Amino acid sequence: MAGQTAPTVKKTGSLEGAWPARQVERWSVKDLKPFPRNARLHSPDQVREIARSIEQWGWTMPVLVDEHGGIIAGHARTEAAKLLGLVEVPVIVARGWTETQKRAYVLADNKLAENATWDDKMLAMEVADLKQLGFDMALAGFSTTDLASLDELLSEEEQAELVRSNGSLLALVDITVREPKHEVHYGDTWHLGRHVLHCCSVITGWPQWVGDLEVGAVFCPFPGVFVPLSDKAAEHRLVMVQPDPYVAGHILDRYCEVHGESEVRRAGLVAA
């Protein structure tokens, strides 16, 4: 497959060329080679955290390599695999990429994720909810300092309500009382004023949302219902990717309650 071009996205949303995520392979860990100019540092503590997460959830994201086993994305996961004594790991192969494309993606894989933001209040409630349910948040990468800072964002009344509801965050934010008014299907794209909401995978669904990441836009994976109503939304155009149609429907409902139904439309439909 030498000479194969890297994938491009048409205006219609279809994909041209090779797409590494279309085929997952199993490769020996011994055949994977770290990128010699990787600027991202992974401490032994972080590698142990990733190893514990793999023990909890299994292997959820393949390592991205070139045809020769050179790691493009997934250095820390590979080190965690060694720590766990794994012989093989899932990989996807970027065939036909130029050296420039590979070097740039080593940076992009980390930098693009850093450009996302948190809905701090929703994060605090979700973390408090999971703690109430007995989940060890260290498995999700949260330190005791992180947890203490998030606890400070919740009022005494909100913390008490979490206890009374037995850790039901969704009951606290009132989005499970009824089905959403807006019917959202997986694969939909919706416009909320200047913002856009894609109902697709954050990882494998990138051909659907990548074209919206114009200069000045803020990428918001797994947004909660209040994200398009936040201060960040007032300052920037948000590109939200929510794979759950149920949550996406409630995002639209809440936005309409504030801005009106005329500000929300599904892509491909002409506004009345």
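Read the figures in this text as sums done on the coordinates, not as results from a lab. Remember, it's a predicted structure, so these values are computed and weren't measured experimentally. For neighbour counting, all protein chains shown are included, and Cβ atoms are generated from backbone atoms with ideal geometry for every residue, glycine included.
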Env charge @ His198, Cβ radius under 11 Å, K,R +1 / D,E -1, value -2
Size of charge dipole - region 8-114 - debye, nearest 20, with Cβ of Lys, Arg +1 and Asp, Glu -1, no other charges
200
Between Lys111 and Arg26, how high is the FRET efficiency from 1/(1 + (r/R0)^6) when r is the Cβ-Cβ distance and R₀ = 30 Å? Nearest 0.05.
0.55
Starting at the first residue of region 207-212, write each ³J(HN,Hα) from the Karplus equation 6.51 cos²θ - 1.76 cosθ + 1.60 with θ = phi - 60°, in whole Hz, x for Gly and Pro.
x, 6, 9, 4, x, 8
What is the spin-label model distance, in nm, from Arg103 to Asp231 if the labels are put 7 Å beyond Cα along the C-beta direction?
4.0
Please compare each pair in Lys102/Lys232; Lys131/Lys232; Lys121/Lys181; Lys30/Lys111; Lys30/Lys102 to a cut-off of 29 Å on the Cα-Cα distance and tell me which ones are over it.
Lys102/Lys232
